[in-house]
Amino acid sequence: MQDIDNKALFGMELAELVALMETLGEKPYRARQVSEALYKQRVQSVEDMTTLSQALRSRLISDGFRVALPEMVQTAVSVDGTERYLMRMADGETVETVWMPDGDGGERGDGSEAAEEEASEVVGADEAVKAESFWDRRGNGRARSNFGTLAEKGFRRATICISSQVGCAVNCQFCLTAKLGIRRNLTAGEIAGQVAAVLNRHHIQIGKDRINLVFMGMGEPFLNYENFMKSVRLLVEAMGIPESRMTVSTSGILPGILAFAGERLRPKLALSLNASNDSVRERIMPITRKWNIAELLEAVVKIPLRTREWVTFEYVLLGGVNDQPEHAREVLGLLQGMRAKVNLIVWNPGPGIDYVQPTPEDVAVFQKMLIEGGIATYIRRPRGRDIYAACGQLKRTVTDEGKDLVAIRAAAI
């Protein structure tokens, strides 16, 4: 959808860097040095690549090459410690990326190392209240020193939520991002670059700090499949983040799911189910008219799951729409026999979207019915709802230039 920026170094795989060095008359080992500087050291300029000779750095700069990490132009900080960043790309387009210290519980029950780390946390309808009390005891989640490991800053782990497109074409009726439409795909470098920018902001040490990645920000990753998968390779092979610590969410793009099943490097999959039958799902997710629930489930079971890995089904609960006992019974019928877990997400409000949140009682009954029916079911903690950083709230929010937002309460909440 856009011309590839062939002067952006961040986003190039090792083979591409080798080819570039050859055109400059350099040995292949120079490509490894550039890769190390980009993805391990996470430098922000060519001049910072001090393992290269000054002559080579000057040549790269004079030829127009640059690192080209996304620019973090604005930050909003929630009362719960979540941070939402407005990231600007080289052409001026912006997306949003979210940092969640201690995560939102989304990994629980999926069989991964990240899930084991979450295993001791509370599961139940009162999670949000307990999480809020937790943050109150830690000073309302205010920013800590940027130096030291996550543990030294008081966190066990952190999750970064990444965007894959500028806007989104899927048009889910309950999501603010849908109101933007689709502007363009992000390149692999722009996708992985969001991670690098956030890691740099928090001085994260890969291999020492526990970092999880979720491709659940703006856009549909499987409608930008090649760039998404290239970003995964960069994050795994060049930056050193295991794919078992990554989860990709799809609204249900059938060709993407089938291609994903055959990948060598593969994050965990989360399918946004959000309804128990095609009739309801078509109303809230028009993409269902192209691929119905039965087709999606048939494709999902073709994914060769790792030992102890389970597929996650995300289910946004909309009051009076998909949150009643009859819907829970239908979900049980859909998922019986699958290695599946369900993440329930209480809908996060946004201006101009005509839905209401389910009652706590309905949420509790829905979860209880699924658990009693044999499906591991968790309630995802809402993170950053007050700054429009929660699930379904990303909308390229722009504030007064240059100002950080601290604990801004959204008018619609």
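The values are calculated or read from the model by the stated rules, or taken from the named source; none is laboratory data. A quick note: this is a predicted structure, and the numbers were derived from the prediction, not measured. Because the Cβ atoms are built from the backbone with ideal geometry, glycine has one as well, and the counts that use them run over all protein chains shown. Ligands, DNA and RNA are stripped out before the accessible areas are found, and what is left, the full protein with its side chains, is counted by its heavy atoms. Shrake-Rupley method; radii C 1.70, N 1.55, O 1.52, S 1.80 Å.
Structure above, values below:
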quantity: Contour excess over end-to-end distance, with Cα ends at ASP354 and ALA55 and 0.36 nm allotted per residue; calculated: 101.7 nm
quantity: Highest-first arrangement of 43-56, 166-179, where packing means the average Cβ count within 10 Å; calculated: 166-179, 43-56
quantity: Listed residue pairs exceeding 26 Å between alpha carbons, taken from LYS40/LYS341; LYS230/LYS268; LYS208/LYS268; LYS7/LYS208; LYS7/LYS40; LYS7/LYS290; calculated: LYS40/LYS341; LYS7/LYS208; LYS7/LYS290
quantity: Whole-number accessible area per residue in Å² for the stretch 269-340, which is evaluated in the context of all protein chains at 1.4 Å; calculated: 42
quantity: Listed peptides 19-26, 316-323, 79-86 by packing density, highest first (mean Cβ within 10 Å); calculated: 79-86, 316-323, 19-26
quantity: Calculated from backbone phi, Karplus (6.51, -1.76, 1.60) coupling profile of the stretch 188-202 in Hz, x at Gly/Pro; calculated: 4, x, 6, 5, 5, x, 4, 5, 4, 5, 6, 4, 5, 4, 9
quantity: Under the Karplus curve 6.51 cos²θ - 1.76 cosθ + 1.60, θ = phi - 60°, whole-Hz ³J(HN,Hα) for the stretch 300-317, x wherever Gly or Pro sits; calculated: 4, 5, 7, 6, x, 6, 6, 4, 6, 7, 10, 7, 9, 10, 7, 9, 7, 8
quantity: From phi via Karplus (6.51, -1.76, 1.60), per-residue ³J(HN,Hα) for the stretch 216-227 in Hz, x at Gly/Pro; calculated: 9, x, 5, x, 10, x, 7, 8, 9, 4, 5, 5
quantity: Efficiency of FRET from Cβ geometry, GLU16 and ARG88, R₀ 25 Å, rounded to 0.05; calculated: 0.55
quantity: Sites VAL73 and GLN205, calculated FRET efficiency, Cβ-Cβ separation with R0 35 Å, nearest 0.05; calculated: 0.85
quantity: Cα shape, the stretch 162-229, gyration tensor, a/c 1.5 rule; calculated: prolate
quantity: Computed FRET value (nearest 0.05) for TYR29 with ASP63, which takes r as the C-beta separation and R₀ as 30 Å; calculated: 0.95
quantity: Distance from the stretch 55-98 to the stretch 154-219 (C-alpha centre basis), Å; calculated: 12
